[in-house]
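Shown next, in structure tokens, is the structure this report addresses.
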Amino acid sequence: MVVKVYVSVFGDERGREVAIAGLKSKAKYVRGELGRRMKLRLTPEVRFIEDESLERGSRVNFILSSF
């Protein structure tokens, strides 16, 4: 079982890399906390994935507003 957590990170490329790396490094901790707090027998693996949809939407809005 896998849970995918999509995360939007605003900032420069280096800031995004650091934020996603930080989340990924704490995935086991988050999994443990979920299992304890929700009293789950089987806790799914947690995967953090960068969601770039807001950034793409902002770029599209900027392009459209320049016309």
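Only a single criterion out of (1) of a type outside the set (S, T, N, Q); (2) modelled with pLDDT under 95; (3) open to solvent by less than 100 Å² (accessible area, probe 1.4 Å); (4) part of a helix (DSSP H, G or I) is not satisfied by ARG14, namely (3).
Inspect all residues belonging to region 31-41 and state whether any of them is closer than 27 Å to GLU55 by Cβ and not in a strand (DSSP E or B). Write out each step before concluding.
To start, the set of residues in region 31-41 that are closer than 27 Å to GLU55 by Cβ comprises none.
Scanning region 31-41 turns up no residue that is closer than 27 Å to GLU55 by Cβ and not in a strand (DSSP E or B).
Would you check if VAL46 is in contact (Cβ under 8 Å) with a residue 12 or more places away in the chain, assigned to a strand (DSSP E or B) and open to solvent by less than 100 Å² (accessible area, probe 1.4 Å)? Give the steps one after another, and end with the answer.
Numbers: in contact (Cβ under 8 Å) with a residue 12 or more places away in the chain: yes; assigned to a strand (DSSP E or B): yes; open to solvent by less than 100 Å² (accessible area, probe 1.4 Å): yes.
Yes; evaluated as a whole, the condition is true for this residue.
The values are calculated or read from the model by the stated rules, or taken from the named source; none is laboratory data. Since the structure is predicted, the reported quantities are computational estimates derived from the model, not experimental observations. Note that each Cβ is placed from the backbone with ideal geometry, even for glycine, and that neighbours are counted across all protein chains shown. Heads up: the accessible areas ignore ligands, DNA and RNA and are worked out on the full protein's heavy atoms, side chains in. Shrake-Rupley method; radii C 1.70, N 1.55, O 1.52, S 1.80 Å.
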